[in-house]
1. Taking R0 as 35 Å, what's the FRET efficiency between Q55 and S81 from their Cβ-Cβ distance, rounded to 0.05?
2. Calculate, for the chain, the solvent-accessible area per residue in square angstrom, rolling a 1.4 angstrom probe over the heavy atoms of the protein chains.
3. How big is the Cα convex hull of the range 79-126 in projection, averaged over all directions, in nm²?
4. Can you tally the net charge around Q151? Count Lys and Arg as +1, Asp and Glu as -1, for every other residue whose Cβ sits under 13 Å from the Cβ of Q151.
5. One quarter of the convex hull surface, Cα atoms only: what value does that give for the range 66-151 in nm²?
6. With each label point set 7 Å from Cα along the Cα-Cβ vector, what nm distance links S24 and T63?
7. With the full set of protein chains in place, find how many percent of the accessible area of the chain is carbon and sulfur; take the probe as 1.4 Å.
8. What is the magnitude of the charge dipole of the chain about its Cα centre, with +1 placed on the Cβ of each Lys and Arg, -1 on the Cβ of each Asp and Glu, and no other charges, expressed in debye to the nearest 20?
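The values are calculated or read from the model by the stated rules, or taken from the named source; none is laboratory data. Keep in mind the model is a prediction, meaning the values are calculated, not measured. Using ideal geometry, Cβ is built from the backbone for each residue, glycine included, and neighbour counts are taken over all protein chains shown. All accessible areas refer to the heavy atoms of the entire protein, side chains included, with ligands and DNA or RNA removed. Shrake-Rupley method; radii C 1.70, N 1.55, O 1.52, S 1.80 Å.
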Amino acid sequence: MSVAFTREEDLEATAADLADRPISHHPNLVTPEGLAAIEAELASARAAYTAAQVQGSIESDRTAMARATRDLRYWSARRASAQLIAPTEDDGAVRFGGSVSIEREDGRAQTWRIVGEDEADPAAGSVSHVSPLARAVMGKRVGDEVTVAGQSAEIVAVG
(Lines give C-alpha, C1' and ligand atoms only; values in the text may rest on other atoms or scores of the structure.)
Protein backbone atom coordinates (compact mmCIF):
# COMPACT_ATOMS: atom_id res chain seq x y z
CA MET A 1 0.00 0.00 0.00
CA SER A 2 1.26 3.44 -0.85
CA VAL A 3 2.01 5.87 1.93
CA ALA A 4 -0.34 8.26 0.17
CA PHE A 5 -3.23 6.04 1.25
CA THR A 6 -2.15 5.80 4.92
CA ARG A 7 -4.40 7.64 7.31
CA GLU A 8 -2.70 10.19 9.58
CA GLU A 9 -4.46 8.64 12.59
CA ASP A 10 -2.81 5.30 11.80
CA LEU A 11 0.64 6.92 11.93
CA GLU A 12 -0.27 8.60 15.23
CA ALA A 13 -1.45 5.28 16.68
CA THR A 14 1.82 3.63 15.68
CA ALA A 15 3.83 6.47 17.26
CA ALA A 16 1.75 6.17 20.43
CA ASP A 17 2.59 2.48 20.81
CA LEU A 18 5.62 3.11 23.03
CA ALA A 19 7.36 0.25 24.79
CA ASP A 20 7.69 0.49 28.56
CA ARG A 21 10.96 1.76 29.94
CA PRO A 22 12.95 -1.22 31.22
CA ILE A 23 13.03 -1.60 34.99
CA SER A 24 16.19 -3.03 36.47
CA HIS A 25 16.07 -6.33 38.32
CA HIS A 26 18.63 -5.01 40.85
CA PRO A 27 17.52 -3.65 44.23
CA ASN A 28 16.48 -0.02 43.79
CA LEU A 29 18.86 1.51 46.32
CA VAL A 30 18.65 5.30 46.51
CA THR A 31 20.39 8.10 48.36
CA PRO A 32 18.23 10.85 49.93
CA GLU A 33 19.00 13.00 46.85
CA GLY A 34 18.08 10.12 44.56
CA LEU A 35 14.74 9.64 46.30
CA ALA A 36 13.99 13.36 45.93
CA ALA A 37 14.86 13.14 42.22
CA ILE A 38 12.53 10.14 41.74
CA GLU A 39 9.73 12.01 43.50
CA ALA A 40 10.33 15.05 41.27
CA GLU A 41 10.24 12.87 38.13
CA LEU A 42 7.04 11.21 39.38
CA ALA A 43 5.43 14.62 39.96
CA SER A 44 6.53 15.72 36.48
CA ALA A 45 5.08 12.55 34.94
CA ARG A 46 1.77 13.12 36.75
CA ALA A 47 1.69 16.71 35.49
CA ALA A 48 2.42 15.58 31.91
CA TYR A 49 -0.33 12.96 32.16
CA THR A 50 -2.83 15.55 33.42
CA ALA A 51 -1.78 18.00 30.71
CA ALA A 52 -2.21 15.33 28.02
CA GLN A 53 -5.73 14.62 29.30
CA VAL A 54 -6.70 18.30 29.45
CA GLN A 55 -5.42 19.19 25.97
CA GLY A 56 -8.44 17.63 24.32
CA SER A 57 -9.44 14.25 23.13
CA ILE A 58 -6.93 11.47 23.54
CA GLU A 59 -7.19 10.76 19.82
CA SER A 60 -5.85 14.24 18.98
CA ASP A 61 -2.46 13.58 20.60
CA ARG A 62 -2.03 9.93 21.39
CA THR A 63 1.77 10.22 21.43
CA ALA A 64 1.78 12.71 24.32
CA MET A 65 -0.65 10.55 26.29
CA ALA A 66 1.35 7.38 25.60
CA ARG A 67 4.61 9.06 26.63
CA ALA A 68 3.05 10.47 29.81
CA THR A 69 1.48 7.11 30.69
CA ARG A 70 4.73 5.25 30.09
CA ASP A 71 6.73 7.69 32.26
CA LEU A 72 4.09 7.60 34.98
CA ARG A 73 4.26 3.78 35.11
CA TYR A 74 8.07 3.83 35.22
CA TRP A 75 8.47 6.46 37.94
CA SER A 76 5.61 4.98 40.01
CA ALA A 77 7.35 1.60 39.94
CA ARG A 78 10.73 3.13 40.80
CA ARG A 79 9.21 5.08 43.71
CA ALA A 80 7.40 1.99 45.00
CA SER A 81 10.59 -0.10 44.94
CA ALA A 82 12.97 2.58 46.23
CA GLN A 83 15.04 1.53 49.23
CA LEU A 84 16.42 4.63 50.94
CA ILE A 85 19.96 4.06 52.20
CA ALA A 86 20.77 6.72 54.75
CA PRO A 87 24.37 7.88 55.05
CA THR A 88 26.31 5.79 57.54
CA GLU A 89 29.15 6.67 59.83
CA ASP A 90 32.45 6.70 57.98
CA ASP A 91 34.32 3.49 58.80
CA GLY A 92 36.95 3.97 56.10
CA ALA A 93 35.39 1.56 53.61
CA VAL A 94 33.72 2.42 50.31
CA ARG A 95 29.95 2.37 50.85
CA PHE A 96 26.77 3.17 48.95
CA GLY A 97 26.28 6.95 48.90
CA GLY A 98 29.94 7.60 49.57
CA SER A 99 32.76 8.60 47.30
CA VAL A 100 35.98 6.90 46.30
CA SER A 101 39.09 8.26 44.62
CA ILE A 102 41.26 5.94 42.60
CA GLU A 103 44.59 6.33 40.87
CA ARG A 104 45.03 4.20 37.78
CA GLU A 105 48.25 2.61 36.53
CA ASP A 106 48.56 5.30 33.86
CA GLY A 107 48.51 8.02 36.54
CA ARG A 108 44.92 9.19 36.01
CA ALA A 109 43.14 10.08 39.22
CA GLN A 110 39.36 9.85 39.33
CA THR A 111 36.74 10.37 42.02
CA TRP A 112 33.34 8.72 41.91
CA ARG A 113 30.25 8.73 44.12
CA ILE A 114 28.37 5.42 44.39
CA VAL A 115 24.62 6.05 43.94
CA GLY A 116 21.39 4.45 42.73
CA GLU A 117 20.78 3.50 39.11
CA ASP A 118 18.39 6.37 38.33
CA GLU A 119 20.71 9.01 39.81
CA ALA A 120 23.95 7.78 38.22
CA ASP A 121 25.64 10.29 35.91
CA PRO A 122 29.22 9.31 35.06
CA ALA A 123 29.87 12.67 33.38
CA ALA A 124 29.08 14.33 36.72
CA GLY A 125 31.15 11.84 38.73
CA SER A 126 28.51 9.43 39.98
CA VAL A 127 28.14 5.75 39.10
CA SER A 128 25.48 3.18 39.84
CA HIS A 129 26.04 0.72 42.66
CA VAL A 130 25.66 -2.09 40.10
CA SER A 131 28.34 -0.74 37.76
CA PRO A 132 31.55 -2.74 37.38
CA LEU A 133 33.53 0.11 38.95
CA ALA A 134 31.28 0.25 42.02
CA ARG A 135 31.32 -3.53 42.44
CA ALA A 136 35.13 -3.49 42.26
CA VAL A 137 35.55 -0.87 44.99
CA MET A 138 32.68 -1.56 47.41
CA GLY A 139 33.98 -2.47 50.86
CA LYS A 140 37.57 -1.60 49.96
CA ARG A 141 39.76 0.87 51.86
CA VAL A 142 42.53 3.36 51.14
CA GLY A 143 45.59 1.53 49.83
CA ASP A 144 43.64 -1.45 48.44
CA GLU A 145 44.31 -2.45 44.85
CA VAL A 146 41.35 -3.07 42.56
CA THR A 147 40.89 -3.95 38.91
CA VAL A 148 38.86 -1.40 36.96
CA ALA A 149 38.27 -1.84 33.23
CA GLY A 150 41.05 -4.42 33.08
CA GLN A 151 43.60 -2.10 34.72
CA SER A 152 44.98 -1.99 38.24
CA ALA A 153 44.03 0.99 40.34
CA GLU A 154 44.74 1.98 43.91
CA ILE A 155 42.13 3.46 46.21
CA VAL A 156 43.63 6.75 47.42
CA ALA A 157 40.67 8.29 49.28
CA VAL A 158 37.29 7.25 50.66
CA GLY A 159 34.59 9.71 51.68
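1. Calculated value: 0.70.
2. 60
3. 4.3
4. So the surrounding residues net to -3.
5. That works out to 7.1 nm².
6. 3.0
7. Ligands and nucleic acids excluded, carbon and sulfur give 53 percent.
8. The dipole magnitude comes to about 240 debye.
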